[in-house]
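The structure appears below as structure tokens.
Values in this text are rule-based calculations from the coordinates and carry no lab data. Note that the coordinates shown come from a computational prediction; the quantities given were computed from them, not determined experimentally. A quick note on method: Cβ atoms are made from the backbone with ideal geometry, for glycine too, and the neighbour counts reach across all protein chains shown.
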Amino acid sequence: MNHGKGRHDWLKAFYGDDFLGCAWDPRKAKNLEAGHKTLWANIGAHQFHLPEGSPDAQVLNGEITIVHPTPEKLLERYNTFRSNASELSRLSCLNNSKFHVEEVSPKGDESTVIVTDPWGSIFRIVPETKKGNLDPRGKQPGKASEGLALSDLTIHVPMDSNLEGIGRFYEEILGAKLAANDEIENQVQIQMGPFQTLTFVPKESVEVNTHVDLREMVDETDGTTEEHTNSAGTSTNLGNYGVHISLYVADLPKSYQKARGLGLAYVNTRFSRRAYTLEEAIGDCMFRCLDIVDPLHPEDGPILRLEHEVRSVVKKDGSKYKSCPFDEIPDSCVTL
């Protein structure tokens with residue numbers, strides 16, 4: 001999710017120790033020191049990729065749920081910032097931003113905190129449950145984060161969306177399962193890990209293309225449009241600058257072949273890694289999808305467009321992919 005160009009101060013103040021308590025990934029330490037370009041903010045086994053916008057930040061049309069051991073601490077930090085001594089706070093750079101925090105539905109000593117980030121995206125901060133929320137399989141590198149996990153990502157979809165078709169997309173293409181939640185009405189929730197879900201909720205004013213930002217790629221050296229040709233000989237020059245989600249699958253070749261069979265494999269020319277074939281997907285340990293379609297009715301076209309970076313836990317030689325946070329390769333993973 002892009003942050004506003006030139007606002008590393010907002011990025012650091014919001015995501016770092018001063019407020020949200022994410023841990024900065026050491027693999028982007030040079031960018032952190034330089035004060036520009038992409039940062040990675042770690043929270044347990046999960047991670048936010050935060051590139052610079054060109055120039056604007058992206059505002060998620062949805063909601064990000066984070067598990068924190070003491071959500072009320074974040075409310076206290078905000079109240080201190082908004083006090084008369086706010087100019088002395090390390091959050092003072094956020095004075096003219098959309099940064100806002102409020103408490104909702106308090107329950108005993110536990111509470112849920114709703115946070116608006118400096119650019120307008122919404123975060124829901126919830127307390128740890130008795131079941132636990134940390135993914136036991138590993139964590140991102142570097143120091144431990146204050147927060148425990150990214151437990152849910154809610155994405156808004158058009159009001160008349162085929163929710164059952166969205167569920168079938170994740171089940172049949174990516175091998176996920178529908179979450180067992182009898183309380184869910186008029187939405188679909190996908191189980192993405194032991195304690196993590198991806199939820200799709202209809203909302204007015206949302207369109208199929210709301211979450212994408214497709215642009216022609218331009219060669220900065222001479223201002224001409226870049227042309228890229230895929231393995232089928234089709235020319236493409238559209239790069240997506242919209243938000244995207246990254247996820248791991250147990251069987252990348254199977255997912256790729258199913259996606260390719262439905263015409264869903266997508267190459268984002270914004271990035272250097274471009275998997276036009278199964279062999280390239282295996283070599284890069286990843287491929288991308290842009291369209292969510294109902295596998296039973298692909299002729300109906302995309303229900304929603306949302307870029308997915310689909311990754312493999314294992315490399316072609318059977319070793320673990322370098323960016324995967326797991327300590328060990330799960331038994332369910334298929335060797336490429």
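Observations, loosely collected:
- Pair Ala180, Leu296: separation of 7 Å Cα→Cβ label points (nm): 2.3
- In terms of the mean number of neighbouring beta-carbon atoms within 10 Å, the peptides 273-281, 201-209 order highest first as 273-281, 201-209.
- The stretch 47-97: trypsin sites (Lys or Arg not before Pro) in DSSP loop, at most 16 other beta carbons within 10 Å: Arg90
- Net charge in the neighbourhood of His156 (other residues with Cβ under 15 Å of its Cβ; Lys, Arg +1, Asp, Glu -1) is -2.
- Charge context of Phe287, other residues only, Cβ under 13 angstrom, K/R +1, D/E -1: +1
- Largest-first principal axis extents, alpha carbons of the stretch 253-336, Å: 40, 28, 21
- Most fluctuating residue given options Ser246, Ser151, Ser312, as computed from a GNM of the chain linking Cα atoms under 10 Å: Ser246
- Gain on full stretching of the segment that runs from Val59 to Ser332 - 0.36 nm per residue minus C-alpha separation: 94.7 nm
- Taking the charge dipole of the stretch 233-299 about its Cα centre, with +1 at Lys and Arg Cβ atoms and -1 at Asp and Glu Cβ atoms, the residue from Pro298, Leu262, Ala281 reaching farthest to the positive side is Ala281.
- One decimal place: the segment Lys143-Glu280 gains 46.0 nm when fully extended, by the rule 0.36 nm per residue minus the C-alpha distance.
- When each of Lys5/Lys322; Lys28/Lys322; Lys28/Lys143; Lys5/Lys98 is checked by Cα-Cα distance, pairs over 20 Å: Lys5/Lys322
- Across the chain, Cα pairs under 8 Å and at least six residues apart give a relative contact order of 15 percent.
- Residues Phe271, Phe195 in ascending order of nearby Cβ atoms (within 10 Å, fewest first): Phe271, Phe195.
- The chain: mean projected area of Cα convex hull, nm²: 18.8
- Per-residue [θ]222 nm for the chain (sum of -39500 (n - 2.57) over DSSP H runs n ≥ 4, rounded to 500): -4500 deg cm²/dmol
- Cα-Cα pairs of the stretch 1-70 separated by more than 13 Å (percent): 65
- Evaluated on the stretch 125-195, the Kirkwood hydrodynamic radius is 14.5 Å, with distances taken between all distinct Cα atoms.
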